[in-house]
């Protein structure tokens, strides 16, 4: 009898018994790598959004300055500087610290002012400048503006960024505490 090349049933069972654990280990390794990649991606998203919000809040508050006045001689003064009248530019906290209202005084149009706001609503920070509103960030879980006790020119900002959970990966979050000191002695936080 001529034997045809091939595997016996016993050889196939032995190869399956040896190969199956190797295959399962490889699948577990790749699943772990995929979850680690997803976690890393979520942490990067938290870092990006935190950096964006920090930059926007810092830039907006550092741009707050006292009102500007153009006098008869076309000299530009900070309001109150020429005639000793204190006219502070107030940064007002509203709605339990969820909103911050302030004014922008353009130096190219002295005497004019534009109301601006930073508003936390629906998982985002909104920056309004008159009729224009822009949305900053989409993963803001909480945000609060507070006064700094003993310093009427400083604003403390606390916010938390959280990504949604993904299959097999819990949500990632990060908190930021930022203190911004307003420029100039005539800026006051109320």
Margin query: So, residue 146, is that one in contact with a strand residue (DSSP E or B) (Cβ under 7 Å, 6 or more places away or on another chain), closer than 19 Å to residue 184 by Cβ and at pLDDT 95 or above or not?
Written below: no
Item checked: Failed item in (1) exposed (fewer than 14 other Cβ atoms within 10 Å of the Cβ); (2) farther than 30 Å from residue 32 by Cα, with residue 124 passing the rest -> (1)
Check: Does residue 60 satisfy the condition of being under 30 Å from residue 109 (Cα atoms) and either in contact (Cβ under 8 Å) with a residue 12 or more places away in the chain or not in a helix (DSSP H, G or I) (or both)?
Finding: yes
Check: So residue 43 clears everything in (1) at negative phi; (2) outside any helix (DSSP H, G or I) except one condition, right? Which one?
Finding: (2)
Checklist line | Filter pass, residue 103 being surrounded by 11 or more Cβ atoms within 10 Å (Cβ to Cβ), more than 21 Å from residue 159 (Cα to Cα) and modelled with pLDDT of 80 or more | finding: yes
Check: Across the stretch 108-139, what is the total count of residues that are under 22 Å from residue 178 (Cα atoms), in contact with a strand residue (DSSP E or B) (Cβ under 7 Å, 6 or more places away or on another chain) and outside any loop (DSSP other than H, G, I, E, B)?
Finding: 13
Next item on the list: Among the candidates 184, 150, 168, single out the residue that is touching a helix residue (DSSP H, G or I) at 6+ places or on another chain (Cβ under 8 Å), over 15 Å from residue 50 (Cβ atoms) and either surrounded by fewer than 18 Cβ atoms within 10 Å (Cβ to Cβ) or free of Cβ contacts under 8 Å to residues at least 24 places away in the same chain (or both).
Entry: 168
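The values are calculated or read from the model by the stated rules, or taken from the named source; none is laboratory data. This is a predicted model, so every value here is computed, not measured. Note that each Cβ is placed from the backbone with ideal geometry, even for glycine, and that neighbours are counted across all protein chains shown.
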